[in-house]
Structures are given as structure tokens and as C-alpha cells.
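First the structure, in the form of C-alpha cells, and then the observations on it.
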Amino acid sequence: MTPNTPLHNNSVSISGKVISSPEFSHEVYGEGFYITYLRVPRLSDTYDELPVIFSERLVDPEEVKVDSYLSVDGQFRSYNNYNSKSGRKLMLMVFAREIEFYEEEVTHKNPNQIYLNGFVCRKPMYRTTPFGREISDILLAVNRAYNKSDYIPCIAWGRNARYASTFEVGDNIKLWGRVQSRVYQKRLSDDEIEERVAYEISVSKMEVVKENNNKREEKGD
């Protein structure tokens, strides 16, 4: 198996405290899947609250109790959810391939890390904040098995943001970072505002896969 196979294009590892009892999500060929949420610590003494989906064949949902601690290895995936009120919505969550229980918070490793190898599927949006901080929004398509893809929003900062602003649609890039949750407000009407949570990748490092971008680079010359 080569590093460019779907299993190696998308790798995530998170550790944290369970903050919600598992809820049934769906069933595939008699296999039930459940969703729970982990509170994953940041270095800044704050937390990300991240959704994890797992199979009942991987772990018994009854064993996943609130306030227990889990380490999860898997992939960060996107799912289309159809709702009669909001229509089509992109859902993002950690798909668990391995789960381990532990007694207290992990301190000997990074509790939140992700690696992605994918393709830019729209021109990155570069901007600066009112305080002058540089940001680029990147939407990355990451191949999955059975001709599927996950569409994952990523945010780059500072020097990485400037670098990302040079990317074109179709460029193959690798990136490293962490999965983050971000609360924002969505205005539904003049007198109604709804609080929502977005999930995205905060990028710490990125690089272009040169061999897959030669045509664009030659064109640029």
C-alpha cells in the first residue's frame, strides 16, 4: 500500500473527554454507527469539542460514558445531510478506526493532529482581519475509497496564508494541523440569530506535491 492510497491521504488522531452519550446515527448492512463528542484540549488552555462517529463493532456504545477519556485514530470525513428546513448541509466528523480508553488526560503526546493529502477545489480566499492578521480559506478534496471524496475546509494563517493564496484549483497539496471547532452566529432573519458550530482544519504546515502540479507550474513559466 503506497502513501497515496485513500487510507494514507487522511489521518487524524485526537484524545479527550467524552462530553455526550453516544447517539445512534445510521445503519449500513446491519452495522450500527453512533456519534459522540470529545472535548479535546488546546495548548492555550481552551478546548475543541469534536464529533466522533464509530461502529458498534469497534466498541460497544454502552461503554462510551460521559467523563470517560478516549484516544481516537481515524479519518476526518464529510457527509451530506439533507434537512427539510435547512436543505443540504455538509457535516464534518472524525471517523474512528481505532478507539482506546484511558484513565486521565494524555500529556505525553499531541492530543489533536491531522494530516491531509488532497486537491484544491476552489480558489483559496485570502484576506486580512481588522487587526492585520492574514488568513486564507482553503477547501480541500481528499480521495476516499470507492471513488468518494471528502471536502474539508481548512484555514491557514500568516506566512501559510500568503503561500495558500498562490494555489490554483486542482493543485495537489499536503498539510498538517489540528481539527478545530468554532462557534459563530448565523442571521436567519432581521430578528432571529442562530448560534452554530463550524469544524475546520487549522493549518500549521503545508507543501505542494510538485509532481502533480507540473503542468500548472510550466504554464506559469
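Observations on the structure shown:
- Qualifying residue in region 175-186 (condition: under 30 Å from Val64 (Cα atoms), surrounded by fewer than 17 Cβ atoms within 10 Å (Cβ to Cβ), among the hydrophobic types (A, V, I, L, M, F, W, C) and in the same structural domain as Leu50 (by TED's automatic domain parsing)): no
- Qualifying residues in region 142-156 (those that are crowded, with 16+ Cβ neighbours inside 10 Å and within 16 Å of Val179 (Cα to Cα)) - the one nearest to the chain's Cα centre (by Cα): Ile152
- Looking across Phe54, Phe101, Phe119, one residue alone is surrounded by 13 or more Cβ atoms within 10 Å (Cβ to Cβ), under 24 Å from Ile173 (Cβ atoms) and without any contact (Cβ under 8 Å) to a residue 60 or more places away in the chain. It is Phe119.
- When each of Ser11, Ser84, Ser44 is tested for being at pLDDT below 95 and under 19 Å from Arg178 (Cα atoms), the lone residue that passes is Ser44.
- Positions within region 30-51 being hydrophobic (A, V, I, L, M, F, W, C) and surrounded by 12 or more Cβ atoms within 10 Å (Cβ to Cβ), in sequence order: Phe33, Ile35, Leu38, Val40, Leu50
- Glu104 vs. criteria at pLDDT below 90, closer than 26 Å to Tyr37 by Cα and assigned to a loop (DSSP other than H, G, I, E, B): yes
- Residue match in region 116-128 (condition: assigned by TED's automatic domain parsing to the domain that holds Val183, in contact with a helix residue (DSSP H, G or I) (Cβ under 9 Å, 6 or more places away or on another chain), closer than 26 Å to Met206 by Cβ and part of a loop (DSSP other than H, G, I, E, B)): yes
- Those residues of region 64-82 which are in a loop (DSSP other than H, G, I, E, B) and not polar (S, T, N, Q), in sequence order: Val64, Lys65, Val66, Asp67
- Filter pass, Ala161 being assigned to a strand (DSSP E or B) and among the hydrophobic types (A, V, I, L, M, F, W, C): no
The values are calculated or read from the model by the stated rules, or taken from the named source; none is laboratory data. Every value quoted in this text rests on a predicted model; they were computed, and no experiment measured them. Don't worry about glycine lacking a Cβ; one is built from the backbone with ideal geometry, like all the others, and counts go over all protein chains shown.
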